[in-house]
Amino acid sequence: MRKIVFALITATSLSIPAAAQAFEVVTDRDRFVALLDGRELRLGLLGISLDVRPDGTILGRASGWDVSGSWTWRDGYFCREMDWSGTPIPYNCQLVEVRGGEKIRFTVDRGAGDRATFNLR
């Protein structure tokens, strides 16, 4: 079970509805920080809740296990590395997209890989 959740945290490939065309690319760090300021990233199905803080830290939980990490903004991408209760999640730069200020989507490998869409709460 832990391996399944780990795979979903690192590169979740979820069904994306047709409304996905409404996602807008976020290329500016200040806009990204403003979108997340005081809000939590949630993926309820997997029990993931993350606090991505303006100071470059990441804290949260996934399937009952602690998540911690750090992030930077490089060349228009969100770049992070994390630890999931002792399991390293390697550094990766991700394309960020937002829809209506309520959904945020991360696509690994600078937009070339799998996607995960979170609710902003």
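The values are calculated or read from the model by the stated rules, or taken from the named source; none is laboratory data. Please read these numbers as outputs of a predicted model, since none were measured by experiment. Glycine also receives a Cβ, built like all others from the backbone with ideal geometry; neighbour counts cover every protein chain displayed.
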Per-region count, region 91-121, residues without any contact (Cβ under 8 Å) to a residue 60 or more places away in the chain and out of contact with any helix residue (DSSP H, G or I) (no Cβ under 8 Å at 6 or more places or on another chain): 8
Residue in region 67-78 that is assigned to a strand (DSSP E or B) and without any contact (Cβ under 8 Å) to a residue 12 or more places away in the chain present: no
Filter result (in contact with a helix residue (DSSP H, G or I) (Cβ under 7 Å, 6 or more places away or on another chain), among the aliphatic types (A, V, I, L, M) and within 16 Å of I89 (Cα to Cα)) within region 28-78: I48, V52, A62
Filter result for E81 (touching a Gly at 6+ places or on another chain (Cβ under 9 Å) and of a type in the set (D, E, K, R)): yes
Residues being of a type in the set (A, V, I, L, M, F, W, C), surrounded by fewer than 18 Cβ atoms within 10 Å (Cβ to Cβ) and assigned to a helix (DSSP H, G or I) - total across region 83-114: 0
So L41, is it within 13 Å of R105 (Cβ to Cβ), at pLDDT 95 or above and either among the acidic types (D, E) or out of contact with any Asp or Glu (no Cβ under 6 Å at 6 or more places or on another chain) (or both): yes
